[in-house]
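We did not get these values from a lab; they are worked out from the coordinates using the rules stated. This is a predicted model, so every value here is computed, not measured. FYI the Cβ positions are ideal-geometry reconstructions off the backbone, even for glycines, and counts take in every protein chain you see.
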Amino acid sequence: MKQFFFISIYLISITLFAQNPADGYLSKKIDESVDLMTIGEYEKANEGFTYVLKNITAVPTDLAYYFGKNSYYLKKYKQSINWLNKYIQLKGTQGRFYEDAVETLNLAEDAYIDQARSTSQTMLEDMASGTFDCGGMDKILCPVCKGEGVVFKKGPFETLYQTCPYSEGKPYITCEEYNLFMRGELEPKIKN
């Protein structure tokens, strides 16, 4: 019985303390990715970090810092903010990368705000010019019938269906017609 007890304890301790060989490989992959980030190979570092994130069971807190910092260099500011915040939440002020994480986080937040302002400004300028970019598409979903080809009108007792006066019953209008519609200059093709 004693022999069975000792064998059981031995097997349990091996199971508890044995390292998964994959963990060693993933740890090495993190180190390689950090080295790539250090020399400015941010895309390659991102591939390595992403691989580790997809294959590791428990994300090391330092990986959150590395991934957040590398995301900043890739101008993925929102992602950078999320990962650096995660690192700071997990490690607090005692983390070995705390000061750099806060500094990079501040830079990422400022860049994200600037990026949002720039995007908003571009949208405002497009709206002011009255020209909308159709993204290279010839046809746009009709904003009046929302691609149904039919406009619904609520009557006192029933819902009335009417062919869309702008798309003539089709789901799409041309990019040119869309721009006219957005400027309030598109005339209905079907008079009711």
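Worth pointing out:
- Enclosed volume per residue, in Å³, of the convex hull spanned by Cα atoms of region 139-182: 57 Å³
- Point-to-point label distance, GLU103-GLU168, nm (Cα→Cβ direction, 7 Å offset): 6.5 nm
- Taking all Cα pairs closer than 8 Å and separated by 6 or more residues, the relative contact order of region 139-182 comes to 44 percent.
- In this structure, the pairs whose alpha-carbon distance is over 18 Å, taken from LYS28/LYS78; LYS28/LYS75; LYS28/LYS54, are LYS28/LYS78; LYS28/LYS75.
- Under the Karplus curve 6.51 cos²θ - 1.76 cosθ + 1.60, θ = phi - 60°, whole-Hz ³J(HN,Hα) for region 167-175, x wherever Gly or Pro sits: 9, 6, x, 9, x, 10, 10, 6, 4
- Two-site FRET efficiency, ASP31 against MET137, from Cβ-Cβ distance with R₀ of 45 Å, rounded to 0.05: 0.45
- Lysines whose Cα lies under 19 Å from that of LYS170, excluding same-chain neighbours fewer than 8 positions away: LYS139, LYS146, LYS153, LYS189, LYS191
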